[in-house]
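Here is the structure we will look at, set down as structure tokens.
Derivation of every value follows stated rules applied to the coordinates shown; laboratory data play no part. Note that the coordinates shown come from a computational prediction; the quantities given were computed from them, not determined experimentally. So basically every Cβ, Gly included, is an ideal-geometry build from the backbone, and we count neighbours across all protein chains shown.
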Ligand code: ADP
Ligand code: MG
């Protein structure tokens, strides 16, 4: 079953083409790791999936809804696609619990008590139940990112999008975030992950995509591609991120 389908998608910023004729189908349960040089369009591709960016050409269908289906439907797409950013983006004036509970309250219209119960379950899942009443400034970067993952999960998305989720973290804090992501993948969550963590791509990814200049240039099995990158530019890229 396909959850995301790019059909000949083009995205431009002014006169700059950032995505050019992208065709991509992502199926339920896939863990797609997206790599590529800076400026190749990785973030833009993710942001198109949850309609943070509008496409200029082609069609993009997320969980059966086309981005051309109108405003109300596009709101549904945002609920189906949870996003985790490099910079956590938590609400600083809300506790961890409130950060996680606000989505279910506003988007799913749950009562406060139900939303907080769900938020506690999710904080437990990311190993932070005991930090429920802490504010973001009182948490480490790794803990903040785990709260951000719990917050994205709270609206029960069908797909999770991660944009360099560990890039802002000190190396010793990265593994705790990667572990949470791995357990999500093992539960069958469909994921698209932009990352330089090649170990994660190998261990957890079911598919590796290499982007260059707004196009998908390599798409295949992570282990095969990482062990034997035939594409010379992929090979060169991997030598620089290792
Ligand atoms: P990546 O995530 O692979 O580094 P991006 O998707 O962020 O790449 O950016 C791809 C290209 O689009 C870059 O050239 C970038 O400068 C440009 N770009 C991204 N966002 C905007 C924007 N909001 N306005 C203008 N240009 C943008
Ligand atoms: Mg980016």
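Test of understanding: ordering 146, 207 by Cβ neighbours within 10 Å, fewest first, what list do you get? Each step should come with its number before you reach the end.
Numbers: 146 29, 207 18.
Result, fewest neighbours first: 207, 146.
Using the 10 angstrom Cβ neighbour count as an exposure proxy, how do 91, 200 rank, fewest first? Don't skip to the end; give the middle numbers.
Details: 91 12, 200 25.
Listed from fewest to most nearby Cβ atoms, that is 91, 200.
Fewest first, what order do 48, 102 take by the number of other Cβ atoms within 10 Å? Each step should come with its number before you reach the end.
On the way: 48 23, 102 17.
In increasing order of surrounding Cβ atoms, one gets 102, 48.
Could you state the per residue volume, in Å³, of the convex hull enclosing the Cα atoms of the stretch 142-216? It would help to have the intermediate numbers written out before the result.
Numbers: hull volume 7.7 nm³, N = 75.
Convex hull volume per residue, Cα atoms: 103 Å³.
Once you keep just the Cα pairs under 8 angstrom separated by 6 or more residues, what percentage relative contact order results for the stretch 120-242? Please report the intermediate quantities before stating the final value.
Values: 107 pairs, mean separation 21.7, N = 123.
The normalised contact order for the stretch 120-242 reaches 18 percent.
Rounded, prolate or oblate: which fits the stretch 18-74 when a ≥ b ≥ c are the square roots of the eigenvalues of the alpha-carbon gyration tensor, with rounded for a/c under 1.5 and prolate only if a/b beats b/c? Can you show the working numbers first?
Details: a/c = 1.99, a/b = 1.32, b/c = 1.51.
It is oblate, given that a/c is not under 1.5 and a/b is not larger than b/c.
Which angle from 0 to 90°, rounded to the nearest 10, does the C-alpha axis of helix 71-80 make with the longest principal axis of the chain?
It works out to around 80 degrees.
To the nearest 10 degrees, how steep is helix 112-125 against the longest Cα principal axis of the chain, on a 0 to 90 scale?
Taking Cα atoms only, the helix is inclined about 60 degrees.
What is the stretch 36-141 by shape, rounded, prolate or oblate, if you read a ≥ b ≥ c off the alpha carbon gyration tensor as root eigenvalues and call it rounded for a/c under 1.5, prolate for a/b larger than b/c, and oblate otherwise? Display every interim value, and only then the final one.
Working: a/c = 2.93, a/b = 1.57, b/c = 1.87.
Oblate, because a/c is 1.5 or more while a/b does not exceed b/c.
Suppose we keep just the DSSP beta bridges with both residues in the chain; what percent of those would be antiparallel, to 5?
55
How much of the DSSP bridge set in the stretch 140-219 is antiparallel, in percent, rounded to the nearest 5?
Here the antiparallel bridges make up roughly 45 percent for the stretch 140-219.
Just want to confirm a number: the relative contact order over the stretch 1-93, from Cα pairs under 8 angstrom separated by 6+ residues, in percent. Let's see the in-between values first.
Values: 131 pairs, mean separation 26.6, N = 93.
After rounding, I find 29 percent.
Kindly identify the chain as rounded, prolate or oblate by the Cα gyration tensor criterion: order the square roots of the eigenvalues as a ≥ b ≥ c, call it rounded if a/c is under 1.5, otherwise compare a/b with b/c, prolate if a/b is larger, else oblate.
Working: a/c = 1.95, a/b = 1.31, b/c = 1.48.
Oblate is the answer for the chain, as a/c is 1.5 or above yet b/c matches or exceeds a/b.
Percent relative contact order of the chain, based on C-alpha pairs within less than 8 angstrom and at least six residues apart? Can you show the working numbers first?
Values: 455 pairs, mean separation 62.7, N = 242.
About 26 percent, as a whole number.
If you average the C-alpha positions of the stretch 3-67 and of the stretch 170-190 separately, how far apart do those two centres end up, in angstrom?
23
Looking only at 81, 150, 137, which one moves most when the chain is put into a Gaussian network model with springs between Cα atoms under 10 Å?
Fluctuation is largest for 137.
Angle check, please: helix 96-106 long axis (alpha carbons) against the longest principal axis of the chain (alpha carbons), in degrees 0 to 90, nearest 10.
80
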